[in-house]
Amino acid sequence: MSDLLITNARPMGGASADILIKGGRIAAIGQGLGAENIAVEDAGGRIAIPGLVDAHTHLDKSLLGYPWYVNEVGPRLIDKIDNERKVKREYGLDAHVQSMRQSLQSVSYGTTLIRSHVDIDTDQGLIALEGVMETRRQLEGVVEIEIVAFPQSGLMRRPGTAELLDRATAMGADLVGGLDPCGMDRDPKAHLDTIFALAEKHGKGIDIHLHEGGELGAFSMEMIFERIRALDMRGKVAVSHAFCLGDPDWNMTQALIDTCAELDVPILTTAPPSREVPSLKRLRSAGVRFGAGVDGFRDTWGPYGNGDMLERAMLLGMKNNLRRDDELLLALDVCTTGGAKAMDREDHALTVGGRGDVVLVEGETVGEAIVTHQPRNLVVTAGNVVARDGKSLRARP
């Protein structure tokens, strides 16, 4: 953590002000702030926003740095999962190198907080976890990385995975992951019992991928709710994707949304154009914590994406038909302060006392900055300048 004075900025597109960061936290926001023996950065009238938050990605999957991957994978989820394991073996993919590449690219776009799901399976064991943990260690002070131990290849269908998840959580994974308890393992009771038992054993939270749509997804969510109530895990279980919340059956989805609010279940979206997704306004109206992420990109699953959460705010706005400038502010909140709150970070905000994560963006208004998502002029993490003019100050491997 460091001290820094950013002058001539426009916090959230408002009036010109200086931002003083001391000890890694925002100490003051106002005009004519001064400080002796402190580094100074002139914002040049640019907009200052909080650090961007990627609340759902896969740092161990990226093929950044490799030649273009020609994707000829089948349409089913299991096709993509099986193919990925095969390619990882063939490439000898190094999770540390690849997670460094993706993390630093994300930093160049202004991301200062990441939640990454990391594959734990009986093929590769804990190698991916070890690689991403090393990246987290090396990038301390540059970007904060939270790790979910994720059974990508299934849990009950691959005996031995539960034991690996147990070891992964003991090693330092921050949360226990799950995946489509009906569609993947076809044994939702055993799947959910296992991950909730591991979370209870280690005192960790949970983040479950739920691609299941419609009534099947609703059934899985109800089973998740049952366990949250039984184990008193309110506020400790997040659901990623939650495509079933985008189902056209309004009564069904509203009941699920209301229960998410009651049990404090954060929802984390990637706003994919190809699927129905949870409604930003409905979740916000109900008081559900809501974050967003870039998911995987440039990997064996798909070619799209680049790690830019400001671009993701634009996609979130498009998916939710947000057109007014004040509505675009809602999309940005999901990709900054709101996403951090979904990850239990209450201090990630451009306010006095908040963490000193600041990004300078180009545009007359925040809306223009989101839509054009030009290169970031400056990225600051806890008072440390970590990227400038669209480039991370630390070179990618």
Item to complete: First check a/c for segment 44-186, with a ≥ b ≥ c the square roots of the eigenvalues of its C-alpha gyration tensor; if it is under 1.5, answer rounded, and if not, answer prolate when a/b is larger than b/c or oblate otherwise.
Response: prolate
Worksheet item: How long are the three semi-axes of the equivalent ellipsoid of segment 8-69, in whole Å, if each is the root of 5 times an eigenvalue of the C-alpha gyration tensor, listed from largest down?
Response: 34, 14, 12
Practice prompt. Roll a 1.4 Å probe over the protein chains and send me the accessible area per residue for the chain in Å².
Written response: 39
Worksheet entry | Overall dimensions of segment 342-383 by Cα: Rg and Dmax, Å | 12.1, 32
Discussion item. Once you order the gyration tensor axes a ≥ b ≥ c over the Cα atoms, which shape class does segment 166-234 get: rounded for a/c under 1.5, otherwise prolate or oblate by comparing a/b with b/c?
Written reply: prolate
Response to the item:
Carbon/sulfur accessible area of the chain, % of total, 1.4 Å probe, equals 49
Worksheet entry | Equivalent ellipsoid dimensions for segment 257-365 as semi-axes, Å, which come from the Cα gyration tensor, largest first | 20, 19, 15
Item to complete: Express in % the proportion of alpha carbon pairs of the chain at distances exceeding 35 Å.
Response: 24
Worksheet item: Looking at the chain, do any whole DSSP H helices span at least 20 angstrom along their long axis by alpha carbon and average 0.0 or above on Kyte-Doolittle, and which?
Response: 214-231
Worksheet item: So which of LYS236/LYS341; LYS319/LYS391; LYS80/LYS201; LYS204/LYS341; LYS61/LYS88; LYS281/LYS341 end up more than 20 Å apart by C-alpha?
Response: LYS319/LYS391; LYS80/LYS201
Item to complete: Provide Rg over Rh for segment 310-390; use the alpha carbon set for both Rg and the Kirkwood Rh (inverse mean inverse pair distance).
Response: 0.97
Worksheet item: For the chain, what does -39500 (n - 2.57) per DSSP helix run (n ≥ 4), summed and divided by total residues, give at 222 nm, in deg cm²/dmol to the nearest 500?
Response: -11000 deg cm²/dmol
Worksheet item: Working from the pairwise distances between different alpha carbons, so that the mean of 1/r is found and then inverted, what is segment 171-308's Kirkwood radius in Å?
Response: 15.3
Worksheet item: How much length is gained if the chain between GLU36 and ARG324 is pulled fully straight, taking 0.36 nm per residue apart and subtracting their Cα-Cα distance, in nm to one decimal?
Response: 99.5 nm
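The values are calculated or read from the model by the stated rules, or taken from the named source; none is laboratory data. Because the structure is predicted, anything quoted here is derived from the model rather than measured. For the accessible areas, the whole protein counts, side chains as well, though only heavy atoms, and no ligand, DNA or RNA atoms are used. Shrake-Rupley method; radii C 1.70, N 1.55, O 1.52, S 1.80 Å.
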